[in-house]
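The values are calculated or read from the model by the stated rules, or taken from the named source; none is laboratory data. Small disclaimer: the values here were computed from a predicted structure and weren't measured. Cβ coordinates were reconstructed from backbone atoms using ideal geometry, including for glycine residues, and neighbour counts include every protein chain displayed. All accessible areas refer to the heavy atoms of the entire protein, side chains included, with ligands and DNA or RNA removed. Shrake-Rupley method; radii C 1.70, N 1.55, O 1.52, S 1.80 Å.
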Amino acid sequence: MTDATLAVHGLTHDFGDRRALDGVTFEVRPGRLTGFVGANGAGKTTTMRAIVGVMRPDAGDVTFGGAAMTLEVRRRIGYMPEERGLYPKMKVAEQLVYLARVLGVGKAEAVARAEALLDALDLTERRDDLLHTLSLGNQQRVQVAAALIHEPDLLILDEPFSGLDPIAMDAMAARLRERAEAGVPVLFSSHQLDLVERLCDDLVLIHQGRVVASGDARALREQRAGRRYRVEVG
Ligand code: ATP
């Protein structure tokens, strides 16, 4: 693969007279686990929705590996939305196989990937349960499996850690780290700066629709210790 950097440039969007995004610009580099941090309402979800093409911002553009986000490019994204929109009346394994098939994966391969992901996310015992009967934490894990099932070249996850117990958090962190190490740019949002600083290679900090800092997590943490930026997190 050539330079598979996700580049977000100048995203600006108003909801009515409220400016939700104001020139949001940052990069997510291949192999870098990147945390997107900000308080509730800072603009994380809107930015992610603009990246994956669920909404069209008033201005700005997004490229992946230098290419515009055409339908073809978008199919290579794994996206975990904030609203957990899976099919409540499907069994867990069935759901994953179905998603993989929709995304063009062959039947045998889809089944094999679903079983491997269920195993990796400690969901094998839940494979035949209906989705809506699972705990929120387990539904969350299924969401992550759903975002990974077509082996995407880019991962965008909205609050993947919210509502998880500590063991599930470790499992989630391990999966994201694994994907990053496989060379995939991974962007996930969170309002927990401490968690993100601990896990990530890079950070993007957003406050009231503006990126206030971005780059190497360690360098930013040192700056924060020196109070060279301030971000309000919830
Ligand atoms: P959260 O962690 O609460 O999801 P966030 O950082 O993801 O917060 P966004 O959901 O992107 O923030 O919201 C950014 C701003 O845009 C907020 O002021 C929000 O109220 C507003 N907003 C988001 N979606 C809409 C919408 N569909 N209509 C009107 N306003 C919206």
Residue check for Thr25: modelled with pLDDT of 95 or more, surrounded by fewer than 19 Cβ atoms within 10 Å (Cβ to Cβ) and among the hydroxyl-bearing types (Ser, Thr, Tyr): yes
Mind listing whichever residues of the stretch 13-22 are open to solvent by 40 Å² or more (accessible area, probe 1.4 Å) and either in a strand (DSSP E or B) or under 11 Å from Ile206 (Cβ atoms) (or both)? Asp14, Phe15, Arg18, Arg19, Asp22
Across the stretch 200-213, which residue is farthest from Gly10 (Cα to Cα) among those that are touching a Phe, Trp or Tyr at 6+ places or on another chain (Cβ under 6 Å) and buried (at least 20 other Cβ atoms within 10 Å of the Cβ)? Val204
Within the stretch 28-58, how many residues turn out to be surrounded by fewer than 14 Cβ atoms within 10 Å (Cβ to Cβ) and hydrophobic (A, V, I, L, M, F, W, C)? 2
Given (1) assigned to a loop (DSSP other than H, G, I, E, B); (2) open to solvent by 10 Å² or more (accessible area, probe 1.4 Å); (3) away from the ligand (no atom under 11 Å from the Cβ); (4) of a type in the set (Gly, Ala, Ser), identify the lone condition not met by Gly10. (1)
Could you please find all residues in the stretch 85-103 being crowded, with 17+ Cβ neighbours inside 10 Å and not hydrophobic (A, V, I, L, M, F, W, C)? Lys91, Gln95, Tyr98
Determine if the stretch 39-55 includes at least one residue that is modelled with pLDDT of 95 or more, part of a strand (DSSP E or B) and more than 11 Å from the ligand (Cβ to nearest atom). no
(1) open to solvent by 60 Å² or more (accessible area, probe 1.4 Å); (2) in a helix (DSSP H, G or I); (3) in contact with a helix residue (DSSP H, G or I) (Cβ under 8 Å, 6 or more places away or on another chain) all hold for Glu72 apart from (3)
Residues satisfying the stated conditions in the stretch 113-152, i.e. assigned to a loop (DSSP other than H, G, I, E, B) and open to solvent by less than 20 Å² (accessible area, probe 1.4 Å): Leu121, Leu123, Leu134, Ile149, Pro152
Report, by residue number, each residue of the stretch 174-199 that is away from the ligand (no atom under 16 Å from the Cβ), out of contact with any helix residue (DSSP H, G or I) (no Cβ under 8 Å at 6 or more places or on another chain), assigned to a helix (DSSP H, G or I) and open to solvent by less than 40 Å² (accessible area, probe 1.4 Å). Ala180
